[in-house]
Amino acid sequence: MDLIYDLLREAIAPTTAAFALAAIGLNFHFGLTGLLNMGQAGFMLLGMYGYAIVVREGGPIWLGILAAIAAAAVFGLLLGWPTLKLRGDYLAIVTIAAAEMIRYLGRSQNLNALTGASTGIRGSDFKGSFEMLSPFPDEQVTIWVWTFHGTRSTSWWLLLVGWALVALFLLMFWRLSKSPWGRVLKGIREDEDAVRSLGKNVYSYKMQALVIGGVIGAIAGIVWALGASVQPDSMGRPTTFWIWTLLLLGGAATVFGPVLGSILFWCSLVLVKGLASLLIPESVLSTQELEPFSLMLVGIALMCLVIFRPQGVLGDKKELAFND
Amino acid sequence: MTDDMFADVKHEPGASKPDPIVVADKVHRHFGGLTAVDVEHFEVQRGAITALIGPNGAGKSTFFNLLTGFDKPQTGDWLFNGHSLKGVSPAKVARAGKVRTFQLTKALSRMTVLENMRLGASDQKGENFFYAFAKPLWADREEEITARAHVLLKRFKLYEKKDDYAGSLSGGQRKLLEMARALMSEPEMVMLDEPMAGVNPALTESLLDHIVELKQEGVTVLFVEHDMHMVRRISDWVVVMAEGKIIAEGPPSTVMQNEQVQAAYLGSHHDEDLSELPSADELHEEASE
């Protein structure tokens, strides 16, 4: 019974919404344009820093959001400028390295005053003004089967904002992917030179896609940070790979793929962990070993997915699968 | 009519034409020590079908890439309708009214045939990020584009396939799709890079007819081809390249009798040299990757 409750909770948790958002951003990159951005966690981390630092220093919420967006946009422009003229794989190399650079820079002692180095920025330093806006009471609130705090950290308020943002960006993705603009991006995904020969400025379109997806990643970072704190090491390479995983799981280039993928991914992790702790005695597998063990099982499940359903749950095999 | 066009044109390399749409001067492109293209002077007659032929490694495809902005030469200048296209990006060349196709067909496989066609259209405001949000701003133009796509698809006998993914088409149908897509923007000139390569013989005739139809609509055609049968059937004027240079020009009926052309094709010392070296086209492909 506890396990079912945990699953239900995980399905709507702010983290799930944050990852769905980051995956929507990546869907602009990869699903529509075919850009291999291996540094989505870097965009998220920049968004977190942008928001948390501005708000901690007394700035209003809107300015924090603006700072997050600006940081991600500038990062996207800087990454894209030298690499988007080259073949796709180079972007992957540059983005993975650049995201790590952001993380190491954030961790460095020299920036302690700004980023809090490896300890990061405590939630209480920047979450207050957001939590003050909550329309929910300042206590545990139970709605149907779910119990969350009304305002603090992983709260109903953050849930509402997080999923509203997911809905907003889903709508945006749907509208844009079905527009002539989205058509040009899909053309670029298929063959850049063909699109060039038809009179479209490929470089500019790729840059637009990179920046938009990155900005959505930064907003995902804010949602994540508001549910926890700013911690550079939580935005390392594994985070990027999880985002990729859940995007492909749900189905790249589909509208709802990122959301379904995020829910499935996090719930299956909880399920595997829960079942393992129930069924496997402590003498065989200690509590500390549960987490890596369940990640391993999820990994195996994903390998099966690649083999048996390469287009993801919602994807159309003819349009985009990850084995071709 | 076309015979008249070329009546006063000399049968020599770099011959000037009565109404040239493309004029190129001193275009030189080398990859390391290998000269791929070294064209002194070159003109394409407006409203005619011009064939660019030559043995493997003659630099035809490289020259094509240079004229369309896909590659940049070390020196030289070339005009389209009197405007220099030197250093102009491929996208702008296309927007200026000169659209090309590729030797290895570039059908956008995982888009439908109709979407492929729509992508070829110009002046769609909805291709701007901000306009894209508001469908009413681009829906009317989209209807016009779709209507034109339907007409072209019917003409190229692809209408029944319009909702299929382009990847499901046969090689010949992809060539047809690429040609039809190039016509979406109503270009003044189309440049076809080996339109017959890999096309099954049953489709060859209809493809040739389509090219002749283009001319009848006033579109200038320049194409690269190996198949001499095709060159003789549809071209008004033939330009022969070998080792990066234009070595002969003339009408299709007589140009193959030119001694230099025969030497280039049938092997003299030229060919032996070239066979030792990688061809210019191969080198170019490597360089552009």
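The values are calculated or read from the model by the stated rules, or taken from the named source; none is laboratory data. Just so it is clear, the model here is predicted, and its values are computed rather than measured. All Cβ positions, glycine included, derive from the backbone under ideal geometry; neighbour counts span all protein chains shown.
Restricting the search to region B:7-59, which residues are acidic (Asp, Glu) and not in a loop (DSSP other than H, G, I, E, B)? Listed by number, the residues that qualify are B:ASP25, B:ASP38, B:GLU40, B:GLU43. In the condition set (1) over 18 Å from the mean Cα position of the chain (by Cα); (2) surrounded by fewer than 17 Cβ atoms within 10 Å (Cβ to Cβ); (3) under 29 Å from B:HIS150 (Cβ atoms), B:HIS83 is compliant with all but (3).
For the criterion of being within 24 Å of A:GLY182 (Cβ to Cβ), under 15 Å from the mean Cα position of the chain (by Cα), surrounded by 14 or more Cβ atoms within 10 Å (Cβ to Cβ) and basic (Lys, Arg), B:ARG181 passes.
Any residue that is aliphatic (A, V, I, L, M), closer than 30 Å to B:VAL113 by Cα and touching a residue at least 12 places away in the same chain (Cβ under 8 Å) - is there at least one of those in region A:150-172? So that I can check it myself, show each step before the final result.
Quick first cut of region A:150-172, residues aliphatic (A, V, I, L, M) only: A:158-161, A:164-168, A:170-172.
When the remaining residues are screened for being closer than 30 Å to B:VAL113 by Cα, the result is A:170-172.
Subsequent filtering for residues that are touching a residue at least 12 places away in the same chain (Cβ under 8 Å) retains A:170.
Looking through region A:150-172, at least one residue is aliphatic (A, V, I, L, M), closer than 30 Å to B:VAL113 by Cα and touching a residue at least 12 places away in the same chain (Cβ under 8 Å).
Of the residues making up region A:178-199, those that are more than 7 Å from every other protein chain (Cβ to nearest Cβ), farther than 14 Å from B:TYR131 by Cα and not aliphatic (A, V, I, L, M) are A:ARG189, A:GLU192. Among the criteria (1) within 17 Å of B:PRO187 (Cα to Cα); (2) at the interface with chain A (Cβ under 8 Å from one of its Cβ atoms), the one B:TRP138 does not fulfil is (1). One residue stands out among those in region B:92-108 that are more than 21 Å from B:MET196 (Cβ to Cβ) and surrounded by fewer than 20 Cβ atoms within 10 Å (Cβ to Cβ): the one that is nearest to the other protein chains (Cβ to nearest Cβ), which is B:ARG95.
In the set A:ALA113, A:ALA71, only one residue is hydrophobic (A, V, I, L, M, F, W, C), without any contact (Cβ under 8 Å) to a residue 24 or more places away in the chain and closer than 17 Å to A:VAL54 by Cβ; that residue is A:ALA113. Restricting the search to region A:146-177, which residues are buried (at least 20 other Cβ atoms within 10 Å of the Cβ), more than 12 Å from chain B (Cβ to nearest Cβ) and assigned to a helix (DSSP H, G or I)? Once the filter is applied, which keeps residues that are buried (at least 20 other Cβ atoms within 10 Å of the Cβ), more than 12 Å from chain B (Cβ to nearest Cβ) and assigned to a helix (DSSP H, G or I), region A:146-177 yields A:TRP156, A:TRP157, A:LEU158, A:LEU159, A:GLY162, A:LEU165, A:VAL166, A:PHE169.
Taking the condition among the hydrophobic types (A, V, I, L, M, F, W, C), in a loop (DSSP other than H, G, I, E, B) and surrounded by fewer than 20 Cβ atoms within 10 Å (Cβ to Cβ), does A:LEU86 pass?
Values: among the hydrophobic types (A, V, I, L, M, F, W, C): yes; in a loop (DSSP other than H, G, I, E, B): yes; surrounded by fewer than 20 Cβ atoms within 10 Å (Cβ to Cβ): yes.
So A:LEU86 fits the description; yes.
Identification of helices (runs of 4 or more DSSP H) wholly contained in region A:209-322 with 1 or more residues that are among the charged types (D, E, K, R) and free of Cβ contacts under 8 Å to residues at least 12 places away in the same chain yields A:287-308. Between B:GLY167, B:GLY172, B:GLY76, the distinction of being touching a Lys or Arg at 6+ places or on another chain (Cβ under 7 Å) and more than 10 Å from chain A (Cβ to nearest Cβ) belongs to B:GLY76 only. The set of residues from region B:14-35 being in contact with a helix residue (DSSP H, G or I) (Cβ under 9 Å, 6 or more places away or on another chain), within 23 Å of B:VAL190 (Cα to Cα) and not acidic (Asp, Glu) comprises B:LYS17, B:PRO18, B:VAL22, B:ALA24, B:VAL27, B:ARG29. Residue count for region B:92-121 satisfying the condition of being within 30 Å of B:GLY82 (Cβ to Cβ), out of contact with any Gly (no Cβ under 9 Å at 6 or more places or on another chain) and hydrophobic (A, V, I, L, M, F, W, C): 2.
Given the criterion among the small types (Gly, Ala, Ser), closer than 24 Å to A:VAL195 by Cβ and in the same structural domain as B:ASP236 (by TED's automatic domain parsing), identify the matching residue among B:GLY32, B:GLY87.
Numbers: B:GLY32 fails: closer than 24 Å to A:VAL195 by Cβ.
After ruling out the rest, the residue left standing is B:GLY87.
Going residue by residue through region A:219-235, is there one that turns out to be of a type in the set (Ser, Thr, Tyr), modelled with pLDDT of 85 or more and surrounded by 21 or more Cβ atoms within 10 Å (Cβ to Cβ)? Yes, region A:219-235 has at least one match. None of A:CYS267, A:CYS304 is at pLDDT 90 or above and surrounded by fewer than 20 Cβ atoms within 10 Å (Cβ to Cβ) except A:CYS267.
Would you call A:ALA220 in contact with a Gly (Cβ under 7 Å, 6 or more places away or on another chain) and closer than 20 Å to A:LEU45 by Cα? Judged against the criteria, A:ALA220 is a match.
Per-residue answers, yes or no, for (1) out of contact with any strand residue (DSSP E or B) (no Cβ under 6 Å at 6 or more places or on another chain); (2) among the aliphatic types (A, V, I, L, M); (3) within 16 Å of B:ASP209 (Cβ to Cβ); (4) in the same structural domain as B:LYS98 (by TED's automatic domain parsing):
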residue: B:GLU144; (1), (2), (3), (4): yes, no, no, no
residue: B:LEU152; (1), (2), (3), (4): yes, yes, yes, no
residue: B:PHE156; (1), (2), (3), (4): yes, no, yes, no
residue: B:TYR159; (1), (2), (3), (4): yes, no, no, no
residue: B:ASP163; (1), (2), (3), (4): no, no, no, no
residue: B:LYS175; (1), (2), (3), (4): yes, no, yes, no
residue: B:LEU183; (1), (2), (3), (4): yes, yes, yes, no
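Of all residues in region A:26-55, those being closer than 19 Å to A:ASP89 by Cα and small (Gly, Ala, Ser) number 5. Tell me, please, whether a residue that is within 15 Å of the chain's Cα centre (by Cα) and on the phi > 0 side of the Ramachandran plot can be found in region B:96-110. Looking for residues that are within 15 Å of the chain's Cα centre (by Cα) and on the phi > 0 side of the Ramachandran plot, one finds at least one in region B:96-110, hence yes. Every condition in (1) more than 10 Å from chain B (Cβ to nearest Cβ); (2) among the β-branched types (Val, Ile, Thr); (3) touching a residue at least 60 places away in the same chain (Cβ under 8 Å) holds for A:ILE143 except the one numbered (3). Restricted to region A:1-81, the set of helices (runs of 4 or more DSSP H) holding at least 1 residues that are among the hydroxyl-bearing types (Ser, Thr, Tyr) and surrounded by fewer than 24 Cβ atoms within 10 Å (Cβ to Cβ) comprises A:2-12, A:14-26. Within region A:200-218, the set of residues being among the small types (Gly, Ala, Ser) and either surrounded by 24 or more Cβ atoms within 10 Å (Cβ to Cβ) or away from chain B (no Cβ under 12 Å) (or both) comprises A:ALA209, A:GLY213, A:GLY214, A:GLY217, A:ALA218.
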